[in-house]
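This report refers to the structure that appears directly beneath it.
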Amino acid sequence: MDKSYQKLIQGNKLYAETKLSENSDYFKNLAKGQQPDYLWIGCSDSRVPANEITNTESGEIFVHRNIANLVVHTDTNLLSVLEYAVKYLKVKHILVVGHYGCGGVLTAMTDIYHGHVDNWLRNIKDVYHQNSEELDAIADKTERANRLTELNVIEQVRNLAKSTIVQRAWAERDLYLHGWVYGMSNGLIKDLAVIHNSSEHIDPIYRYTHIKPWSADIITI
Ligand code: CO
């Protein structure tokens, strides 16, 4: 059997020892509970770890990752994470974080069959289709992929804004939706967009004007 996994166990021991040497209550404090201000919706890509690239600690970011950082309204995993983060953890910011060189985006630009994942990546093909005029005009393939990566992030931020979960939160408080792209070649995040209410950025057909805030829920046991 390949024993390379043992490196992770050894690494974990070193991590725990280092944290304890800096603060003997580090894990005791973490064990009390979490109060993260941020929900991260990022790509599963191993090169884009949320805490590491933002220089943050355990407990600071609630994380959801999938291939190509998509916000799909039938994804029960995403919706559960989103509702929990917004309704119960009361995060202040949601970060949709794409990255240049994303395999999901590059694959969505081809006609090569891969299997089930193609149905997932169809969401990115839709973004391409909606922006084909702009994208087809970019001659360089990498630049075209980079632009699609950005447009995809912005579309996923819009998908968040169209969700009943985000609109319920907006009915009672501030919540900021950010679109970011991470550059793996320089390690830097590019800030693309921020949305903080539905009326400015979302077409009226997607707006729920009679939505009740969660605070209006009557809980009976
Ligand atoms: Co990716």
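The values are calculated or read from the model by the stated rules, or taken from the named source; none is laboratory data. Being a predicted model, the structure only gives us computed values, none of them experimental. Cβ coordinates were reconstructed from backbone atoms using ideal geometry, including for glycine residues, and neighbour counts include every protein chain displayed. With ligands, DNA and RNA removed, areas are computed over all heavy atoms of the protein, side chains included. Shrake-Rupley method; radii C 1.70, N 1.55, O 1.52, S 1.80 Å.
For the chain, which span is the longest to avoid every loop-located (per DSSP) member of chymotrypsin sites (Phe, Trp or Tyr not before Pro) having at most 14 other Cβ atoms inside 10 Å?
That gives 6-112 as the longest site-free run.
Just to check, using Stokes-Einstein with a Kirkwood Rh over alpha carbon pairs, what's the diffusion coefficient of segment 25-65 at 25 °C and 0.890 mPa s in µm²/s?
221 µm²/s
Among the DSSP beta bridges whose two residues both lie in the chain, what percent are antiparallel, rounded to the nearest 5?
30 percent
Please give the FRET efficiency for residue 126 paired with residue 34, using the beta carbon to beta carbon distance and R0 = 30 Å, rounded to the nearest 0.05. Show your work: numbers first, answer last.
Details: r = 34 Å, r/R0 = 1.15.
With R0 = 30 Å, the Cβ-Cβ based efficiency is 0.30.
Positive end of the dipole of segment 5-53, charges at C-beta (+1 Lys, Arg; -1 Asp, Glu), about the Cα centre: which of 9, 50, 38 has its Cα farthest in that direction?
Towards the positive end, the residue furthest out is 9.
Charges on Cβ only, +1 for Lys and Arg, -1 for Asp and Glu, centred on the Cα centroid of the chain; of 68, 113, 149, which one is farthest towards the dipole's positive end?
Sorting the options by dipole projection puts first 68.
Within 10 Å of each candidate Cβ there may be at most 15 other Cβ atoms; applying that plus a DSSP loop requirement, which trypsin sites (Lys or Arg not before Pro) in segment 1-70 survive?
3, 32, 47
Fully extended, how many nm does the chain gain between residue 217 and residue 141 (0.36 nm per residue separation, minus their Cα-Cα distance)?
Computed gain between residue 217 and residue 141 is 22.3 nm.
Once phi is turned into ³J(HN,Hα) by the Karplus curve 6.51 cos²θ - 1.76 cosθ + 1.60 with θ = phi - 60°, what whole-Hz value does each residue of segment 157-163 show in order, with x for glycine and proline?
For segment 157-163, the Karplus curve yields 5, 4, 4, 4, 5, 7, 6 Hz.
Beyond a 23 Å Cα-Cα separation, which of these cross-linked pairs lie in this structure: 7/32; 87/125; 32/87; 125/212; 13/92; 162/212?
7/32; 87/125; 125/212; 13/92
Quantify, in whole percent, the carbon and sulfur part of the accessible surface of the chain (1.4 Å probe; protein heavy atoms only).
Reported share for carbon and sulfur atoms: 52 percent.
How big is segment 148-221 by the Kirkwood estimate over distinct Cα pairs, in Å?
13.8 Å
Grab every C-alpha pair in segment 117-170, bin the distances at 5 angstrom width from 0 up to the longest one, and report whole percents.
With a bin width of 5 Å, the distribution comes to 5, 19, 22, 21, 15, 10, 5, 3, 0.
Using R₀ = 35 Å, calculate the FRET efficiency as 1/(1 + (r/R₀)^6) where r is the Cβ-Cβ separation of residue 174 and residue 74; round to 0.05.
Between residue 174 and residue 74 the formula returns 0.80.
For the chain, what is the largest minus smallest coordinate of the Cα atoms on each principal axis, given in angstrom and ordered from greatest to least?
Sorted from largest, the Cα extents of the chain read 57, 53, 31 Å.
If amide hydrogens are placed 1.01 Å from N in the peptide plane, which non-local residues have theirs closer than 5 Å to the one on residue 63?
40
Using amide H atoms built in the peptide plane, which far-off residues or other-chain residues are under 5 Å from residue 184 H to H?
100
So, with +1 on the Cβ of K and R and -1 on the Cβ of D and E, and no other charges, what is the size of the charge dipole of segment 34-217 about its Cα centre, to the nearest 20 debye?
The calculated dipole for segment 34-217 is roughly 380 debye.
What list of whole percents do you get for P(r) of segment 7-127, with Cα-Cα distances grouped in 10 Å bins up to the one holding the largest distance?
12, 33, 31, 18, 6, 0
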